[in-house]
Amino acid sequence: MPRDLDPTMQAALAAGVIVPAILAQLTFKSSTQYVWTGVGTLVWNGFTFQGVGSFGSLGTIVEGTEVKADGTSVGLSGIDPALYSDCLTDIQLGAAANIWFALLSDGVIIGSPYLLFSGQVDKPSFTIGGENISVNLALESRMTDLKRASNRRYTTNDQHVAYPDDTAFNGVEKLNDQALLWQPR
């Protein structure tokens, strides 16, 4: 399947002299964090990504031909146990999460990174060790929402929540009380 890669990125891949990197944007209650798999800071698209080096991990990103919701995970280890309560309260289920694949040359991103995953934060898991904590965030594709009921109704009141002046459902409640008899011709 062809990819919409930036032409500069395609040329760098063809040349073979590249340093791959993974960039991630994770949204929490207090702020949005930008991290990458290297060490130090990296600037892209107006955001400064902080390097997590070997303390960060990324789960498998699955792509297939079927229409289904595949997720992944991101992890961070080496967290001070004093920050455990902050970790518990700052994680926001359903918050935005994006992961990009980038190529570097001399610490500078080549072209535009390729979006590998876009979804939302799901259930976190914690591993508490003697001197540090590891956090693993499950990330789910937004397609997971297709499995959930919308909790919307075909009523005038429900329609007015999103569109206050819409009158399309004004007759629906009247139809509920009508008995219609159908007879073949």
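Tabulated data
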quantity: Cβ pairs under 9 Å, 6+ apart, first in the range 101-123 and part of a loop (DSSP other than H, G, I, E, B), second polar (S, T, N, Q); calculated: Ile110/Thr8; Gly111/Thr8; Gly111/Gln10; Ser112/Thr8; Ser112/Asn45; Pro113/Asn45
quantity: Hits in the range 29-42 - residues which are over 14 Å from Gly75 (Cα atoms) and either loosely packed, with under 15 Cβ neighbours inside 10 Å or within 15 Å of the chain's Cα centre (by Cα) (or both); calculated: Lys29, Ser30, Ser31, Thr32, Val39, Gly40, Thr41
quantity: Count of residues meeting criterion [under 35 Å from the mean Cα position of the chain (by Cα) and assigned to a loop (DSSP other than H, G, I, E, B)] in the range 126-185; calculated: 18
quantity: Residue satisfying condition, being acidic (Asp, Glu) and touching a strand residue (DSSP E or B) at 6+ places or on another chain (Cβ under 8 Å), within set Asp90, Asp80; calculated: Asp80
quantity: Matching residues, the range 99-121, being buried (at least 18 other Cβ atoms within 10 Å of the Cβ) and of a type outside the set (A, V, I, L, M); calculated: Trp100, Pro113, Phe117, Gly119, Gln120
quantity: Some residue of the range 140-153 being within 30 Å of Thr32 (Cβ to Cβ), in contact with a Ser or Thr (Cβ under 6 Å, 6 or more places away or on another chain) and not charged (D, E, K, R); calculated: no
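Here's the yes/no breakdown for (1) part of a strand (DSSP E or B); (2) farther than 30 Å from Gly94 by Cβ; (3) at pLDDT below 90; (4) among the small types (Gly, Ala, Ser):
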| residue | (1), (2), (3), (4) |
| --- | --- |
| Arg3 | no, no, yes, no |
| Ala12 | no, yes, yes, yes |
| Val17 | no, yes, yes, no |
| Leu23 | yes, no, no, no |
| Tyr34 | yes, no, no, no |
| Leu42 | yes, no, no, no |
| Phe49 | yes, no, no, no |
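The values are calculated or read from the model by the stated rules, or taken from the named source; none is laboratory data. As the structure is a prediction and not an experimental result, all values here were calculated from the model. For neighbour counting, all protein chains shown are included, and Cβ atoms are generated from backbone atoms with ideal geometry for every residue, glycine included.
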